[in-house]
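Visitor: Let me give you the structure first, and then I'll get to my questions.
The values are calculated or read from the model by the stated rules, or taken from the named source; none is laboratory data. This structure is a prediction, so every number in the text was calculated from the model and none was measured. Here the Cβ is made from the backbone with ideal geometry for all residues, glycine too, and neighbour counts use every protein chain on show. Only protein heavy atoms, including side chains, enter the accessible area calculation; ligands, DNA and RNA are left aside. Shrake-Rupley method; radii C 1.70, N 1.55, O 1.52, S 1.80 Å.
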Amino acid sequence: MAKNSLFAILLRSPWWISLLIGVLLGLISFALLPDEVRVVGALSGLPFVVIAVMAAIRQWGRPSAARVAQTHDAVAAMSWPAFADLLAQAFQRQGHTVQRGKTEDFDFVLERQGRRTLVSARRWKSARTGVESLRALQAAREASEAEQALYIALAPLSEQAQPYAAAQKIEVWHAEELALALRDLPMGKAAGR
């Protein structure tokens, strides 16, 4: 599906917009078309209803745009020790055993069900993440034989870093993933609820 096609845009939009379009299209068709094609015309809204269901499934449990913005602002205002403590709480809540990293290449070692993940989060406020930080995390991952790697940054990855992260299967969290992981944890007044 093309990135800017109508259906792709609707998949990224709130689910109720697609549902509204589908219902309105069906009602208008049913009201204005001749009796012979009225039912067929009313079914023309069905693809939009399907898109609404798909969008609702994708959006289920995801934080709202306002919550993502609140989390971004709250996390951007934190010091490293406060942010590190908050991340440790979130990882523990997810069932991980959390150890602080001992090198600059990663900040946490997470273990759950025998799987180990290295997390790099110290540069979360950087304006842009280059490939060097990801290479350091990947090298540490290979040296420690960890199964997974996670990089946390508020800003987007550079053009060179994005394909590198994808090729090395390094998971990247931005504000939306942080809002989901940190939900219900106290972040101060800036985060709100």
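Visitor: Can you spot a residue in region 72-84 that is outside any loop (DSSP other than H, G, I, E, B), free of Cβ contacts under 8 Å to residues at least 12 places away in the same chain and within 17 Å of Leu182 (Cβ to Cβ)? Give the derivation first.
Guide: First pass over region 72-84, keeping only residues outside any loop (DSSP other than H, G, I, E, B): 72-76, 80-84.
In the following step, the residues that additionally are free of Cβ contacts under 8 Å to residues at least 12 places away in the same chain were identified as 81-82.
Imposing the further condition that a residue be within 17 Å of Leu182 (Cβ to Cβ) reduces the set to 81-82.
There is at least one residue in region 72-84 that is outside any loop (DSSP other than H, G, I, E, B), free of Cβ contacts under 8 Å to residues at least 12 places away in the same chain and within 17 Å of Leu182 (Cβ to Cβ).
Visitor: Of all residues in region 38-94, which are over 26 Å from Arg112 (Cβ atoms) and of a type in the set (Asp, Glu)?
Guide: Residue satisfying the conditions is Asp73 alone.
For every residue, the table says whether it meets (1) of a type in the set (Asp, Glu); (2) open to solvent by 100 Å² or more (accessible area, probe 1.4 Å); (3) within 19 Å of Ala65 (Cβ to Cβ).
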residue	(1), (2), (3)
Asn4	no, yes, no
Leu10	no, no, yes
Pro14	no, no, yes
Ile17	no, no, yes
Gly22	no, no, no
Val40	no, yes, no
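Visitor: Here's something else I'd like to know. What are the residues in region 100-135 that are small (Gly, Ala, Ser) and either closer than 19 Å to Glu177 by Cβ or open to solvent by 30 Å² or more (accessible area, probe 1.4 Å) (or both), if any? Working first, answer last.
Guide: Narrowing region 100-135 to residues small (Gly, Ala, Ser): 101, 114, 120-121, 126-127, 130, 133.
Within region 100-135, Gly114, Ser120, Ala121, Ser126, Ala127, Ser133 meet the criteria.
Visitor: Exactly one of these conditions fails for Arg62: (1) part of a helix (DSSP H, G or I); (2) in contact (Cβ under 8 Å) with a residue 60 or more places away in the chain; (3) not aliphatic (A, V, I, L, M). Give me its number.
Guide: Of everything listed in (1) part of a helix (DSSP H, G or I); (2) in contact (Cβ under 8 Å) with a residue 60 or more places away in the chain; (3) not aliphatic (A, V, I, L, M), Arg62 misses just condition (1).
Visitor: Go through Glu142, Glu171, Glu147, Glu176 for me and flag whichever is farther than 21 Å from Arg116 by Cα, acidic (Asp, Glu) and in the same structural domain as Gln113 (by the TED database).
Guide: Working: Glu142 fails: farther than 21 Å from Arg116 by Cα; Glu171 fails: farther than 21 Å from Arg116 by Cα; Glu147 fails: farther than 21 Å from Arg116 by Cα.
After ruling out the rest, the residue left standing is Glu176.
Visitor: Please pick out the residue among Ala31, Ala52, Ala42, Ala56 that is within 19 Å of the chain's Cα centre (by Cα), closer than 30 Å to Leu19 by Cα and outside the structural domain of Glu176 (by the TED database). Spell out the reasoning first.
Guide: Values: Ala31 fails: within 19 Å of the chain's Cα centre (by Cα); Ala52 fails: within 19 Å of the chain's Cα centre (by Cα); Ala42 fails: within 19 Å of the chain's Cα centre (by Cα).
The unique qualifying residue is Ala56.
Visitor: Out of the residues in region 42-59 that are touching a Ser or Thr at 6+ places or on another chain (Cβ under 7 Å) and over 14 Å from Leu10 (Cα atoms), which is surrounded by the fewest Cβ atoms within 10 Å (Cβ to Cβ)?
Guide: Ranking the qualifying residues of region 42-59, first place goes to Ser44.
Visitor: Yes or no: Ala153 in contact with a Leu (Cβ under 6 Å, 6 or more places away or on another chain), among the small types (Gly, Ala, Ser) and either under 30 Å from Ser64 (Cβ atoms) or open to solvent by less than 50 Å² (accessible area, probe 1.4 Å) (or both)?
Guide: Values: in contact with a Leu (Cβ under 6 Å, 6 or more places away or on another chain): no; among the small types (Gly, Ala, Ser): yes; either under 30 Å from Ser64 (Cβ atoms) or open to solvent by less than 50 Å² (accessible area, probe 1.4 Å) (or both): yes.
Against the criterion (in contact with a Leu (Cβ under 6 Å, 6 or more places away or on another chain), among the small types (Gly, Ala, Ser) and either under 30 Å from Ser64 (Cβ atoms) or open to solvent by less than 50 Å² (accessible area, probe 1.4 Å) (or both)), Ala153 does not qualify.
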